[in-house]
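Data block below; observations after.
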Amino acid sequence: MKVSAQEEYGLRCALQLARAGTDGSLTIPEIAELEGLSTAYVAKLMVLLRQANLVRSERGRSGGYTLNRPVESISVADVLSALGGQGWEPAGCERFTGTLDVCVHTSACAVRHLWGTLDSVFDLLLRNITLADLRGGELKALQRFRLPGEFFPGRSDSESLPAEAAADHSLSAQPVQPASPR
């Protein structure tokens, strides 16, 4: 998964609004200062988040930006989608045809299935992680998924994925193995 700068900074700006709470709001200059970004860039990100109906703006002296929904109902996938993140594109196969007009693996492509499966896994994770999960600085939401215990000390490897993940993606059969050090 590749995250663009726009997605990274936009998510961080949304997280600043999550930390401000439901009654709090932040101005573009305040967000820019908190994140070390230019006000012009934060303004651009806020436009994208507002167009996706994730934030709203209030004009005036006590105005600023506020989340449009409770933090528990805004997923990371919602935010990344608003900022342009889509993951793997099936049309990508059309771009990697080699010297031919059509990919030689069009009818039976294990690579296409690999990218599609990985995209489904990332999408599942990102749909299940909310701004509320990120707000405290710790990502406890991932503990709901079956990952080796070394990623989450004190948790056994026998804990499984949520039912939705197991049913939709058949991921509960094998735990994810960390990459070996080089």
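Within the range 35-70, the set of residues being of a type in the set (A, V, I, L, M) and more than 21 Å from the chain's Cα centre (by Cα) comprises just one member, A40.
If I filter the range 17-24 for residues that are modelled with pLDDT of 95 or more and surrounded by fewer than 16 Cβ atoms within 10 Å (Cβ to Cβ), do I get at least one hit? Looking through the range 17-24, none of the residues is modelled with pLDDT of 95 or more and surrounded by fewer than 16 Cβ atoms within 10 Å (Cβ to Cβ). The set of residues in the range 30-67 that are of a type in the set (V, I, T) and exposed (fewer than 14 other Cβ atoms within 10 Å of the Cβ) contains only V47. Considering the range 1-51 alone, what residues qualify as being within 30 Å of L118 (Cα to Cα) and of a type in the set (D, E)? Across the range 1-51, the qualifying residues are E7, E8. Among the residues of the range 1-34, those identified as part of a loop (DSSP other than H, G, I, E, B) and not hydroxyl-bearing (S, T, Y) are M1, K2, V3, G21, D23, G24. Figure legend. Inter-residue proximity from the range 34-53: first residues at positive phi, second residues at pLDDT below 95 and surrounded by fewer than 18 Cβ atoms within 10 Å (Cβ to Cβ), beta-carbon distance below 9 Å, spacing 6+ or different chains. Indicated pairs: N53/N68; N53/R69. Kindly provide the set of residues from the range 35-84 that are within 26 Å of L125 (Cβ to Cβ), of a type in the set (S, T, N, Q) and assigned to a loop (DSSP other than H, G, I, E, B), ordered by number. Once the filter is applied, which keeps residues that are within 26 Å of L125 (Cβ to Cβ), of a type in the set (S, T, N, Q) and assigned to a loop (DSSP other than H, G, I, E, B), the range 35-84 yields N53, N68. Whether a residue is at pLDDT 95 or above and within 17 Å of L134 (Cα to Cα) was assessed, and A40 does not pass this test.
The values are calculated or read from the model by the stated rules, or taken from the named source; none is laboratory data. As the structure is a prediction and not an experimental result, all values here were calculated from the model. We place every Cβ from the backbone using ideal geometry, glycine too, and count neighbours over all the protein chains shown.
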